[in-house]
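Peer 1: Pasting a structure below so you can have a look.
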Amino acid sequence: MRKIACALLVSIAAAAAPAHAGLFDKKPEEAVLQAERAGMQDVSIWVDVSWGFRTQGAANVLNRTHQAFAARGYRVLAVEPYIENGDLQGFFVTYSKP
């Protein structure tokens, strides 16, 4: 079910703003600036943790991402982990700006 929800989230984000698909390949600080410049009220990004340290590293990356978006007025709307073959690969994180 989670894979379906994640796939749906990605397809909705891509359909809603195909010009901003590059947000998935950027550092959090760059992604939030690009989203803000584009006037995006809701933003979904991918936080990759598959490079190693999936426990402590994942928390650090999520904290850094949350801080970057909070500094620009966005709030966390959803965090969906993506697990493949029993391994955590990353998170789809959606932020909203009231």
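Peer 1: With respect to residue 52, is the statement that it is modelled with pLDDT under 90, in a helix (DSSP H, G or I) and either open to solvent by less than 40 Å² (accessible area, probe 1.4 Å) or in contact with a strand residue (DSSP E or B) (Cβ under 6 Å, 6 or more places away or on another chain) (or both) true? Can you show your working first?
Peer 2: Numbers: modelled with pLDDT under 90: yes; in a helix (DSSP H, G or I): no; either open to solvent by less than 40 Å² (accessible area, probe 1.4 Å) or in contact with a strand residue (DSSP E or B) (Cβ under 6 Å, 6 or more places away or on another chain) (or both): yes.
Answer is no for this residue.
Peer 1: Against the condition modelled with pLDDT under 95 and at positive phi, how does residue 85 come out, does it pass?
Peer 2: Taking the combined requirement at face value, the residue satisfies it.
Peer 1: Please find, within the range 14-48, the residue that is modelled with the lowest pLDDT out of those that are small (Gly, Ala, Ser) and in a helix (DSSP H, G or I).
Peer 2: 19
The values are calculated or read from the model by the stated rules, or taken from the named source; none is laboratory data. Since the model is a prediction, treat every value here as computed from it, not as a measurement. Note that each Cβ is placed from the backbone with ideal geometry, even for glycine, and that neighbours are counted across all protein chains shown. Ligands, DNA and RNA are stripped out before the accessible areas are found, and what is left, the full protein with its side chains, is counted by its heavy atoms. Shrake-Rupley method; radii C 1.70, N 1.55, O 1.52, S 1.80 Å.
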